[in-house]
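The values are calculated or read from the model by the stated rules, or taken from the named source; none is laboratory data. All figures in this text were calculated on a predicted structure; none of them were measured in a lab. Note that we place each Cβ from the backbone using ideal geometry, even for glycine, and neighbour counts take in every protein chain shown. Areas reflect the complete protein model, heavy atoms only, side chains present, ligands, DNA and RNA absent. Shrake-Rupley method; radii C 1.70, N 1.55, O 1.52, S 1.80 Å.
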Amino acid sequence: MRRVRNFDVIPASMNDAWEWVCAIDSYDFNDTQPLADLIREGKEIPDELRGVIAQIIEGSRKPNKKAAAKLKIPARERMKVAGTVSTILGLLNTIKFDALVGSEQPDFLKPGVESMAFNKNQEPIDIQTGLEADGRQVIDETCEHFGISQESLENLIRALRKKITDWPNI
């Protein structure tokens, strides 16, 4: 059984600044309102993002209006959608590969679907197939809801991964 890439672990400081990450991404796609709202509400700018906010204020960071015109998902929803789908798919993979069900299991059982199947008297492949179907359903429903292709959703998740990798230089 091949292990699928696990969901991206967001650094704790990025998680704490998530509303700012979403607002900056929204700004980059020409929706300035979420960022303006955070500043207007007097929310403290996270130390890691002061440089990014300074670039916006001084005018050296500008929105990408051409890319914004092509968006099918509202700019302010991009990172929220990517984060939610990535988390759900990651949780399904964690269940598939790492879940331990029950404390009285033989030592030869591997965590994940083998452990789950043993406790439910099912075949591991049946559980794995069900979890994979759940993942496809999440992707399909998200694509249908926003009227986008799977490739567009994959690109959005890649954009999130890049932000995670480059943190705090988003």
Residue that is farthest from residue 87 (Cα to Cα) [pool: residues in region 129-158 that are touching a residue at least 60 places away in the same chain (Cβ under 8 Å) and open to solvent by 30 Å² or more (accessible area, probe 1.4 Å)]: 147
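If you go through region 19-33 one residue at a time, how many are over 20 Å from residue 164 (Cα atoms) and either in contact with a His (Cβ under 8 Å, 6 or more places away or on another chain) or not in a loop (DSSP other than H, G, I, E, B) (or both)? Before you say what the answer is, go through the steps one by one.
First, pick out the residues of region 19-33 that are over 20 Å from residue 164 (Cα atoms): 30-33.
Now narrow it down to the ones that are either in contact with a His (Cβ under 8 Å, 6 or more places away or on another chain) or not in a loop (DSSP other than H, G, I, E, B) (or both): 33.
The total comes to 1.
For residues that are of a type in the set (Val, Ile, Thr) and closer than 14 Å to residue 169 by Cα, tally how many sit in region 22-49.
Applying the first criterion (of a type in the set (Val, Ile, Thr)) to region 22-49 yields 24, 32, 39, 45.
Then drop every residue that is not closer than 14 Å to residue 169 by Cα, which leaves 24.
Qualifying residue count for the region: 1.
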Test set (1) of a type in the set (Gly, Ala, Ser); (2) without any contact (Cβ under 8 Å) to a residue 24 or more places away in the chain; (3) in a helix (DSSP H, G or I) - residue 86 fails condition number: (2)
Every residue from region 38-49 that is open to solvent by less than 40 Å² (accessible area, probe 1.4 Å) and under 15 Å from residue 26 (Cβ atoms): 38, 49
Whichever residue in region 113-128 is hydrophobic (A, V, I, L, M, F, W, C) and buried (at least 18 other Cβ atoms within 10 Å of the Cβ) and, among such residues, is nearest to residue 71 (Cα to Cα): 127
From the options 127, 170, 148, 73, residue that is part of a loop (DSSP other than H, G, I, E, B) and farther than 25 Å from residue 15 by Cβ: 148
Positions within region 55-98 being among the acidic types (Asp, Glu) and surrounded by fewer than 14 Cβ atoms within 10 Å (Cβ to Cβ), in sequence order: 58, 98
Of the criteria (1) part of a helix (DSSP H, G or I); (2) open to solvent by 70 Å² or more (accessible area, probe 1.4 Å); (3) within 17 Å of residue 169 (Cα to Cα); (4) not basic (Lys, Arg), which one residue 52 fails: (2)
